[in-house]
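J.: Can you keep this structure in mind? I'll have questions shortly.
Computed from the coordinates by the stated procedures, all read-outs in this text should not be read as laboratory data. All of these numbers come straight from a predicted model, not from anything done at the bench.
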Amino acid sequence: MTKIISSPNCGNSPKMEFLKLFNIAFAKGDVAFLTENVTDDIIWNIIGVKKLEGIKAFTEELEKMQSVKTSELRIDQILSHGKEGAANGLMKMKNGKQYAFSDFYLFQSAKGEKLKEITSYCIKL
């Protein structure tokens, strides 16, 4: 079971709450939730590693990540404004590795609920 530590107050912002749930789904490996909440033409730019384009490439990458299990997710900040959002924190893996992350999100529109682009920065600690 993944321990979740989230300090941001997301209750007053539906997009901030969504980004919290999206990050929790990522940590738990909930591929169905993640793929249901991105557009078919999703772009995921993992800085310094790879750039994925389209739902198929996105899903395949998530499925590859299934073998690495998260023991703890700490979300330090979540921000949102208009079509944009961001989150950062720390992921501790069951294999003992730790990663600091910062993700920037672009929604399909200001009122849209699906993500169109994700830019991820991930640093192994």
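J.: Would you mind estimating how fast the chain diffuses translationally, via Stokes-Einstein at 20 °C and 1.002 mPa s with the Kirkwood radius over Cα pairs, in µm²/s? If you can, show how the numbers build up before the last one.
T.: Working: Rh = 14.5 Å.
Roughly 147 µm²/s, to the nearest whole number.
J.: A follow-up question, please. Could you pull out every one of the aspartates and glutamates with an alpha carbon less than 20 Å from that of residue 20, ignoring same-chain neighbours closer than 8 positions?
T.: Those aspartates and glutamates meeting the cut-off are 30, 36, 72, 76, 84, 103, 113, 117.
J.: If amide H atoms are built 1.01 Å from N in the plane of the peptide, which residues on other chains or at least 5 residues away come under 5 Å of the amide H of residue 70?
T.: Hits under the 5 Å cutoff: 94.
J.: For residue 52, enumerate residues with amide H under 5 Å from its amide H, sequence gap 5+ or separate chain, H modeled in the peptide plane.
T.: When sequence neighbours closer than 5 places are left aside, the close amide H contacts are 44, 45, 46.
J.: Karplus couplings for segment 72-87 from phi (6.51 cos²θ - 1.76 cosθ + 1.60, θ = phi - 60°), rounded to Hz, Gly and Pro as x?
T.: Listing the rounded values in order: 8, 10, 10, 9, 8, 9, 9, 10, 8, 7, x, 8, 10, x, 7, 8 Hz.
J.: Please turn the phi angles of segment 112-119 into ³J(HN,Hα) values with the Karplus equation 6.51 cos²θ - 1.76 cosθ + 1.60 (θ = phi - 60°), one per residue in order, whole Hz, x for glycine and proline.
T.: Here the 3J(HN,Hα) series is x, 9, 9, 8, 9, 9, 9, 10 Hz.
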